[in-house]
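The values are calculated or read from the model by the stated rules, or taken from the named source; none is laboratory data. Owing to the predicted nature of the structure, the values given are computational and were not obtained by experimental measurement. Here the Cβ is made from the backbone with ideal geometry for all residues, glycine too, and neighbour counts use every protein chain on show. Quick note on the areas: whole protein, heavy atoms, side chains included, nothing else; ligands and nucleic acids left out. Shrake-Rupley method; radii C 1.70, N 1.55, O 1.52, S 1.80 Å.
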Amino acid sequence: MSVTRIAVLLSGWLVLGELVLGESVAVPVPLQQPSPKLQKSSSPQPNVSREQRLRAYEKFLQARCYVAQADPLNAMTAFKEVLELDPQSAAVHVELGNLYLEARNLREAEYHAQQAVALDPENAMAHWLLGRLLYSQALGPTFDRAKAREAIAAFENVARLDSLNLDVYRLLGRLYRDLNDVDNALSAYAKLIGANQGGPEEFDAATELYFRKRRYRDAASMARQAYALSGENPQWGYKLSQALLYSGQTAEAIEVLRELLEENGNNLRLTLSYAEALMRGGRYAEAEQQVQRVLSVRPNYPEALSILAQVQRRSGRREEAVKTLRQALDGQDVTETLPQQYALAETLVELGRIEEAVAAYEAALRSVSNPDNSVSESQRERAELLLMRIAAAYKAAGKQDQELATYARMRRLLGADSTLADLLEIESLRSEGRYEEALKAARVARQRFPQERQFVYLEAQVLSRLGQLDQALTELRKVAAEADDAGEVAQMRAIVLSDANRFEDAEQSARQAVRHDEKNIAYLVTLSSILERRKQYAESEQLLRTVLALDPDNPTALNNLGYFLAERNERLDEALTLVQRAVNIEPTNSSFLDSLGWVYFKQNRLDLAKYYIEQALGYDRRNATLNDHLGDVLERMGDLEGARRQWKLARSLATDPEEINRIEAKLQRGQTAETQ
């Protein structure tokens, strides 16, 4: 065996050529030059004789023996003697750096790591040592983002130079995750997992990252692996259940939680999670039974009362929900119970008790405001949300003056830089059919925020509704000439043309948007909806299935596909499954609940149709389509008076001429039927 081979085996590293008799190692140009003070000098290097190399090699073997004997002090002394004989040995600096790292002498460890990298920038172990040092510094008492990026640079060099070092991906994943660089973190964990080196911690980390990206089905896949590898640890079982719930896989989530409870029957969090899963699955009586188990032990437990109120609310028992929420809030600090405060206000809106709802929101708003009624930057998002909810409450009650006054208040509170109030006001006026006012507001907002494209888009939509399509398209062309996102402008042009019933032109624009980005879900959904209107059903359906291939739990795609199938009376069982998944993901989405009711209507399951459409109306009473659909259900159930009442309400709320004409025809038909 050659001297070179022996040295490699004994040292454990791949770079020791510089210690071998007379052999030299070429040093490639580094990807990133080391700091000037550590770079090799351009002056001639010390001349190391053959005898010095032999002595250095003998000392190196002696030092390694000390390492094997767990004698770090003598090992350090021996390695230092090696450096005196051969100062240019990067491998020896690595050995010393590792010993100092084990001794927690980080300053000396970093010195030798930096020396090793400077002497041999292609030495993987030098970068590995430096990376670990920087990693420990980054994850100190407070997270050091700069050190984290330096550590990443070192580890990326390790990954480039040493394909066998898989541990580097574990550390890269952690650093990228802490920097909130989700894509690179997932890429690192994928390499580790793909090599079958991932443990439950890595699968758990990947689960969390997929949650951040709202890729819940992928999160469930990772959580399932973490759960299995951990020996079905309840902690990871719980995360699996949550991923399943968010991805609409409610039945499996219920089963996982049931199994967990069999072994951990007294765990309150698991019991409440089980109750929530049962609620999402529409099993309200069972859900309430589980909540009552918790309340029998802790009668005023706020989380349990909150879930009980949700069960009552979703099962149509809203007055009971109000009482339950007031019990949960009794004696509690408002700042600690904001979710319950929101739920109370929302339930009161659904009951039509608007003033009480607004009072609840105002109490929450006071809790996040300063004594002078201003809002600090840390509470800005909460204040925005509360003001939006107050405006939405007034809108639901048809109190437009109070709604608009809330937007004016929002401007004062959030400051002149906030566009939120203007965006909400214009959209509200547009949805109410007050197009002239919406147009005026959009133009004023454009003057105040000339760089904000959303106001151009809103103006174009309003112009289209006013019959000024050419002007709308002119405004969009101006944006297209300046915008860096031609796909977005093409999509908006498609929407404006569709609003004007120019579906052929709308299709062309929507296809243009998709050509800019074939994986943009918003573009694909827009094109699908336009093709559905053009009766190009096969391609419309295929586009939605493409969306679901990209994002299997996209609730809009699930809902649209199910609704389109129901409208055509095709594959109603599949339509029901699709819409149920959408509702499981967003249980209070009025459009999804209406779609579910509409599928039941098409199946002639009228009691269920009426139940779900009424639930949808509980969340959005001023929606023309929902009231129209309920009228259709009541007509088929033989309640002609109730049907006409809903159609009249729908007609008063409708703003689209085509929809108004369709409802008018139903009213005429109902009037004729009553006189016969």
So, for the Cα atoms of the range 49-169, Rg and Dmax in Å stand at 15.0, 50
Violations at 29 Å Cα threshold for listed pairs LYS80/LYS191; LYS213/LYS478; LYS519/LYS666; LYS399/LYS610; LYS213/LYS440 -> LYS80/LYS191; LYS213/LYS478; LYS519/LYS666; LYS213/LYS440
The helix 380-396 Cα axis meets the longest alpha-carbon principal axis of the chain at an angle in degrees, between 0 and 90 and rounded to 10, of 20 degrees
Checked the range 304-426 against the a/c 1.5 cut and the a/b vs b/c comparison, axes a ≥ b ≥ c from its Cα gyration tensor; verdict oblate
In units of 2.2 N^0.38 Å, the Cα radius of gyration of the range 93-240 is 1.13
Expressed as a percent, the accessible surface of the chain that is carbon or sulfur, using a 1.4 Å probe and the full set of protein chains, is 47 percent
What helix-only [θ] at 222 nm does the chain give? Using -39500 (n - 2.57) per DSSP H run of at least 4, over all residues, to the nearest 500, the answer is -24000 deg cm²/dmol
Ignoring ligands and nucleic acids, LYS440 exposes an accessible area, probe 1.4 Å, in Å² to the nearest 10, of 150 Å²
Under a 1.4 Å probe, counting only protein heavy atoms, PHE592 has an accessible area in Å², nearest 10, of 10 Å²
Taking a straight Cα-to-Cα line shorter than 12 Å from LYS323, and setting aside same-chain aspartates and glutamates fewer than 8 residues away, one finds none
Most packed first (mean Cβ within 10 Å per residue), the peptides 117-130, 99-112, 213-226 order as 117-130, 213-226, 99-112
Here the convex hull volume per residue of the range 340-493, taken over Cα atoms and given in Å³, is 129 Å³
For 546-553, 453-460, 136-143, ranked highest to lowest by mean beta-carbon neighbours within 10 Å, the order is 453-460, 546-553, 136-143
Given Cβ charges of +1 for Lys and Arg and -1 for Asp and Glu, the option among THR142, GLY131, ALA116 whose Cα lies farthest towards the positive end of the dipole of the range 113-156 is THR142
With all protein chains in place and a 1.4 Å probe, ASP470 shows an accessible area in Å² (nearest 10) of 110 Å²
Counting only protein heavy atoms and rolling a 1.4 Å probe, one gets per residue an accessible area for the range 570-676 in Å² of 47 Å²
Nearest 10, in degrees from 0 to 90: the angle of helix 318-329 to the longest Cα principal axis of the chain is 40 degrees
Shape call for the range 622-673, from the Cα gyration tensor axes a ≥ b ≥ c (a/c under 1.5 means rounded, otherwise prolate when a/b beats b/c, else oblate), comes out oblate
For TYR301, the residues 5 or more places away or on another chain with a placed amide H closer than 5 Å to its own amide H are none
Computed over the chain: longest principal axis from alpha-carbon atoms vs helix 572-585 long axis, angle to nearest 10 degrees, is 60 degrees
Mean separation of Cα contacts under 8 Å (at least 6 apart) over the residue count of the chain, i.e. the relative contact order in percent, is 5 percent
If R0 = 51 Å, then GLU570 and GLU381, at their Cβ-Cβ distance, give a FRET efficiency to the nearest 0.05 of 0.75
Under the Karplus relation with 6.51, -1.76 and 1.60 and θ = phi - 60°, whole-Hz ³J(HN,Hα) for the range 148-164, x at Gly and Pro, equal 4, 5, 5, 4, 4, 4, 5, 5, 5, 5, 4, 4, 6, 8, 9, 5, 8
Applied in sequence order to the range 191-196, the curve 6.51 cos²θ - 1.76 cosθ + 1.60 (Karplus, θ = phi - 60°) yields integer Hz couplings, x standing for Gly and Pro, of 5, 5, 5, x, 8, 6
Per the Kirkwood formula over distinct C-alpha pairs, the hydrodynamic radius of the chain in angstrom is 30.4 Å
For the range 510-522, in residue order, the Karplus 3J(HN,Hα) values (coefficients 6.51, -1.76, 1.60; θ = phi - 60°; whole Hz; Gly and Pro = x) are 5, 5, 4, 4, 5, 4, 5, 7, 6, 10, 7, 5, 4
The alpha-carbon pair-distance distribution computed for the range 251-382, with 5 angstrom bins and whole-percent values, is 2, 11, 18, 19, 16, 13, 10, 6, 3, 1, 0
So for the range 233-306, using the alpha carbon gyration tensor with a ≥ b ≥ c as root eigenvalues (a/c under 1.5 gives rounded; past that, a/b versus b/c decides prolate or oblate), I'd call it oblate
Given a 1.4 Å probe, the accessible area of the range 282-418 per residue, as a whole number of Å², is 49 Å²
